Structure formats: structure tokens, C-alpha cells
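Here is the structure we will look at.
Throughout, read-outs are computed from the coordinates displayed, never taken from laboratory work. Quick caveat: nothing in here was measured; it's all calculated off a predicted structure. Every residue, glycine among them, receives a Cβ derived from its backbone with ideal geometry; neighbour counts consider all protein chains shown.
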Amino acid sequence: MGFAKSAKTLAVCYLRNRFRSSNLISREITPTYGSFLSRFYNNSLVNMEKVYFRNESDSKDLDIVFRFENTTLNISREFNFRRQMDEPIEAILSRIQSNIQNRLAKSKKKKSDKSTVEINVKLYGDNFEGNFNGMTFAELFAKNISGLKLQVMDNIYEMVYNPPWVSSLKLPSCILAGFVVYPTNVKVQFGEQKHSKGVWYKAKKPTDTEWELCGEGFQYFVTPKDIGYHLKLIVTPRNEHGLDGPVVEKVSLTPVQDSPGVCPFQIRQKYTPSYLTNPNEMRVISYNLLADLYASSDYAGSTLFSYCPAKYLQIDYRKPLFINEIIGYNSDIICLQEVDQRIFDFDLKEILEQPPYNFHGILAPKGKCAEGVAIFFRTSRFELLDSQVLHLGSSIPELPVFESLWNKIKVNTQLAQRICDRSTTLQTCLLKIKGTDNYVLVANTHLYFHPDADHIRLLQMGFSILFVEELISKAVKDFNISSPQNIGLVFCGDFNSVPECGIYKLMTEQLAEKNLEDWRSNSEEAVSNVELTQPFKMGSAYGAPEFTHYTTLFSGCLDYIFYQNDRFELLKTVPLPTEEQLKENTAIPSAVFPSDHVALVADLKFKSVAS
């Protein structure tokens with residue numbers, strides 16, 4: 001489908017909002033479809049163009065955008081200005097006039113045309129009888145005058161102040177066939193993304209004048225037919241009242257690449273072709289994504305993942321893989337570890353919180369680190385009653401619920417210092433299952449990783465259980481829950497602990513004895529006379545599999561979905577990748593595995609169905 005020349009009265013709908021630090025900028029703009037414009041503009045019968053003004057409340061900058069077209073002068077151009085709110089209006093009008101005059105002069109010079117044309121620019125208001133001389137735009141807009149217009153030669157523009165405005169829009173540097181692509185870092189001011197419109201086009205070159213329509217919405221499933229094409233996303237910002245702002249576009253820097261082939265997670269997704277429909281059934285994911293701040297480090301490239309080509313460690317390559325993996329499991333609850341703040345804000349929320357998925361996500365940063373743990377739940381299935389974040393470090397000596405256990409270990413000052421210095425985070429969400437009287441307490445954590453810290457991890461788990469136990473007791477009172485039997489615990493995470501260690505024993509047997517080897521994993525911090533118990537009858541959805549983490553430096557089971565087996569029935573788990581798949585490219589991550597961990601996926605059913 002080719003581009004058609006835009007009609008003058010509709011051209012305003014295709015304004016690109018790209019500002020730089022300079023005071024005055026203008027650039028050409030590619031005309032677009034009349035049908036596209038009429039479909040996405042609020043009123044396709046508009047008889048007046050618009051000039052858009054934007055000023056953020058905490059800034060003195062004034063951004064001005066309009067499109068000037070004159071067939072006689074053979075000019076069709078978008079103009080972007082950045083001026084100051086306290087600058088005199090006549091000075092800004094003079095700069096507009098000067099800039100258009102200069103652009104026209106350059107065009108005439110190329111054509112050896114020596115004729116001169118006077119460019120008249122003025123401001124007037126249908127309901128304003130005063131004088132604009134000496135007035136600033138700050139003063140003008142404070143008067144809230146209706147019917148203000150800007151006239152440039154014969155072009156008359158309706159002035160629109162702070163319309164919906166796209167202030168940030170990016171496309172990923174790696175776009176793969178067979179995966180969903182979406183814009184990142186989308187920021188819509190004076191409007192909302194959910195009210196805005198997105199349309200996708202493709203062309204062989206970014207400079208092509210003909211672009212083919214290929215999709216609508218903010219997400220586009222890239223097909224093999226798109227390989228070799230650049231993608232363009234055109235966004236019309238809009239607010240809840242249907243008011244449009246300047247249209248923006250973004251073109252991908254690189255063409256669509258072929259997929260890496262069949263990924264093992266795509267085979268696993270055959271076990272989850274659709275959502276569960278029984279209100280008391282839920283599908284739970286636990287997945288360590290491998291934070292970009294670790295994958296992109298020099299140490300990762302030279303040592304941790306030296307077997308993995310650098311391009312497969314790049315976050316823009318890994319993102320489409322793990323996001324498409326997550327959405328393909330059709331889950332209800334998602335527990336993630338090693339989630340970068342930016343990935344949460346601009347990728348996971350961008351996909352998971354939008355239709356058709358409609359999740360709600362909560363991130364719990366790990367101390368001052370730029371990564372943390374996150375829980376997403378489907379809003380159609382659950383109502384969030386409470387969420388908590390516990391930092392399993394400095395808070396340990398402070399909370400009364402920890403007092404008994406803390407008193408037993410604080411006598412070892414080296415041990416006490418080490419555990420209190422940790423940034424380990426426990427995240428919980430209390431969810432009510434809609435349509436039932438049942439509740440789920442979801443806990444999610446990523447325990448301390450160090451090889452000589454089995455004792456630290458076991459203590460962290462002990463403190464976590466104490467916290468969870470108190471939360472459930474408190475929830476029964478605070479939310480008027482008829483019985484604790486109506487609350488089921490699901491505890492997910494990367495526990496950095498193999499099944500032979502004390503955490504697995506504590507969770508599945510409710511006891512970690514005094515004589516466990518874990519307590520002596522560091523001789524100077526050895527734990528004495530401590531025995532841990534916990535009141536929940538828990539099972540491990542996958543039991544004790546051989547691998548959930550697979551690198552050349554270490555491979556083993558570190559990740560678990562623990563569930564309260566007197567509250568839930570385990571319906572099924574999605575089979576894990578085989579060792580042959582894990583080592584096909586030496587280890588993971590690889591071209592087909594976006595993380596050094598694999599996702600755990602389990603279907604649970606609440607045993608006590610309440611009416």
C-alpha cells in the first residue's frame with residue numbers, strides 16, 4: 001500500500017514530535033494515508049489546522065509544533081520550536097517568521113529563483129480585544145482565552161495548549177520474526193497510552209516513500225514475511241475525552257531478523273495452549289530472568305557466560321525471548337527474579353499490563369540495586385488486598401516477629417553483621433480469588449548467592465517464614481477472612497540452594513535440625529543451637545529436578561515453586577528442558593535460552609472450594 005499525498009486540512013494529523021536542545025528546529029515530514037488520518041484524527045472534517053503548544057509544569061520550556069504547507073511556494077514542512085514561556089510573544093513570532101523565510105530562501109536558491117516573498121506571522125483571538133505587545137505566552141495562557149489563532153500567510157491555525165503529547169518513544173534494536181514487538185519507554189503526557197492509537201508499517205529501507213500497513217495497536221506479532229523490512233510505528237496520542245495531539249513516528253534502526261529457530265520454551269508452551277477457566281485453578285510461573293546489569297558486565301562476557309556469543313547476551317535480543325516465553329504460558333501468577341527496573345517499567349509492564357493480558361505488576365527492588373523481584377497477577381482473576389516488601393537485612397534486628405531467632409544468632413557478631421548487610425528481598429501479595437471465598441498469599445524471593453552462605457540462606461528462609469506466618473494471621477483479622485483454611489501459600493523464587501541443603505528440608509519436612517551441615521558452611525560464622533521449624537505443609541511442584549540453572553561453572557536445581565499441599569492440589573507441571581537441550585549450545589543463556597535459569601510452570605487447584 002503506497003502513501004498518498006495528504007490534504008492540507010488533514011496534514012496536521014501527521015506531526016512528528018522530535019525535539020532537540022537547540023532553540024529552533026524544522027524538518028521535512030513524510031506524507032501519510034488520508035484514510036489513516038481520517039481514522040485516527042478526532043474529526044475528519046476539520047477545516048482548520050492546529051498549532052500545538054506544550055509546557056510542563058516544572059519547566060519554562062515552551063515547545064511549539066505546526067505544519068506549514070503552501071502549494072504556491074511549493075513548501076510542505078513541519079516546524080518544531082523550543083522557546084521560553086517568559087519570552088515576549090512578538091519575539092517568538094519573529095523567530096517563526098525568520099525560520100520559515102530562511103527555509104524558503106534555501107529552497108529558492110537551489111532552483112535559482114530570485115523572487116522574494118513576504119512571510120507574515122501574527123497572533124489574534126476571536127474573543128480577545130487587547131494587545132499582545134509585551135505579553136509573554138506564560139501570561140497569555142494564564143488568561144485562559146478561547147479562540148486563539150496563529151496566522152502564517154494564508155494559513156490559520158487553532159492554538160491548542162498542552163494536548164496529549166508523546167514525549168518518549170523507542171523501538172528495540174533487535175526485532176525477531178516470530179516474536180511480539182512493542183515500543184519501549186512510551187511516555188504520553190496530558191493523555192494516556194490506553195486511549196492512544198498505534199499503527200505499524202514496514203518498508204525495505206527507512207528512506208522509502210512507500211510503507212505497507214502491517215498491524216494496529218501497540219503490539220505487533222512479527223511474521224517471517226517481515227524479515228528484511230524496517231518497521232515504523234505511528235502513534236496518535238489521545239486523552240480520555242478523545243482529544244488528539246501531535247502524531248509521532250518511530251522507525252526501527254535495524255531490519256527484522258530471522259528467528260533463532262525453534263526455542264525449547266515454544267515446545268513447552270504446547271502444554272499451556274490456553275488459560276485455566278476454573279476460578280479455583282491457577283497457573284503459576286517462577287523465573288529468574290538474568291538481570292541485564294549482570295549479563296552485560298565484563299565478568300559475564302569473559303567468565304560467567306564466556307561460551308555465549310555477546311550478541312545473545314544483549315538485553316534487546318533476550319527481551320523478546322523471555323517476554324514471549326512468559327506470555328505463551330497463559331499464566332495467572334508470575335513470580336520473577338533479577339528484574340531490571342527499566343525492564344519492569346518499559347517492557348514487562350508495557351506488555352503484561354496491556355490488553356489482552358491485563359496483569360498488574362509490582363516490583364520490589366533489592367536494596368539500592370537496580371534489579372529486584374516482581375509479582376504479576378491477572379486482574380480478571382484476582383483482587384489485590386495487600387502487598388508487602390521485606391528487606392532481609394537491616395530490618396531483621398528491628399521487627400518484633402524476628403526477636404526470638406535474632407537473639408539466638410546476634411551473639412556471633414560476624415554472622416550478625418553479614419546477614420544484616422544483605423540486600424535480599426522478600427515480596428508478598430495477598431490475593432483474593434474472584435468469585436470465591438479463597439485467598440492466595442504469594443511470596444517471591446531471591447536468596448543470597450555466595451557459595452559459603454548456606455547458613456545465611458537458611459536463616460533468611462527462617463525469617464521469611466516467620467514474616468509470612470504473621471502476615472496470614474494478620475490477614476484473617478484485617479480482611480475478615482472466615483478461616484485461615486481459606487488462605488493458601490505459594491512460595492516461589494531462586495533460593496540459590498540445592499535440594500540436599502536445609503531449605504528444601506525445611507520447606508518440605510517442616511524442620512531444619514541443629515546438626516545440619518548448612519549451619520557450618522562458614523566456620524567463622526557457624527550457627528549454634530538453632531533449629532528451624534515452620535507450620536505450613538508444603539510441597540515442591542517439581543520435586544527436586546536435576547537442573548533449573550545450567551552454566552559451565554555450575555548446574556543444578558536452585559529454583560522452586562513451593563505450594564501449601566493441604567490447600568492446593570498439584571494438577572500438572574510443564575516439563576523442563578532436557579539436558580540435551582540445555583547443553584546444545586554448551587550451556588545457557590544461548591541463542592534460544594534468554595537466561596541462565598529455566599522457567600518453572602505449575603497448575604494448582606484450591607482444594608476447599610467455597611461457595
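General observations
- In plain terms, the chain from residue 106 to residue 544 could stretch by 150.3 nm, reckoned as 0.36 nm per residue minus the Cα-Cα distance.
- Estimated FRET transfer efficiency when R0 is 22 angstrom, pair residue 369-residue 553 (beta carbons, to 0.05): 0.55
- Summarising the label geometry, the points placed 7 Å from Cα in the beta-carbon direction at residue 257 and residue 146 lie 5.5 nm from one another.
- Summary value for the chain: 11 percent relative contact order, contacts being C-alpha pairs under 8 angstrom separated by 6+ residues.
- Beyond 18 Å in Cα-Cα separation lie the following of the pairs 60/170; 170/232; 505/583; 122/149; 432/572; 187/349: 60/170; 505/583; 432/572.
- Note on residue 158 and residue 74: their simple-model spin labels are 3.3 nm apart, each label 7 Å out from Cα toward Cβ.
- Ellipticity estimate at 222 nm from DSSP helix runs (n ≥ 4, -39,500 (n - 2.57)) divided over the chain, nearest 500: -5500 deg cm²/dmol
- At R0 = 22 Å, FRET efficiency that the Cβ-Cβ distance of residue 383 and residue 275 yields, to 0.05: 0.80
- Förster-model FRET efficiency, 41 Å R0, residue 94 and residue 225, C-beta, rounded to 0.05: 0.20
- For the chain, the longest principal axis of the alpha carbon atoms and the long axis of helix 89-110 meet at an angle near 80°.
- Electrostatic bookkeeping for residue 241 treats Lys and Arg as +1 and Asp and Glu as -1; over the other residues with beta carbon under 14 Å from its beta carbon, the sum is -1.
- Applying 0.36 nm per residue to the separation of residue 523 and residue 407 and subtracting their alpha-carbon distance, the gain on full extension is 39.8 nm.
- Helix axis angle, 315-328 relative to the chain longest principal axis, alpha carbon, degrees: 70 degrees
- Distance between the C-alpha centres of the stretch 47-96 and the stretch 486-546: 65 Å, rounded to the whole angstrom.
- Other residues within the sphere of radius under 14 Å centred on the Cβ of residue 327, judged by their own Cβ, net out at 0 (K and R +1, D and E -1).
- Working from the Cα coordinates of the chain, the gyration tensor eigenvalues give, after taking √(5λ), semi-axes of 56, 27, 23 Å in decreasing order.
- Separation in nanometres of the label points that stand 7 Å from Cα toward Cβ, at residue 314 and residue 87: 3.8 nm
- Whole-angstrom gap from the stretch 278-345 to the stretch 350-386, using each part's C-alpha centre: 15 Å
- Two-decimal log10 I(q)/I(0) for the stretch 165-251, as the Debye equation yields it once each C-alpha is a single scatterer, q = 0.27 Å⁻¹: -1.36
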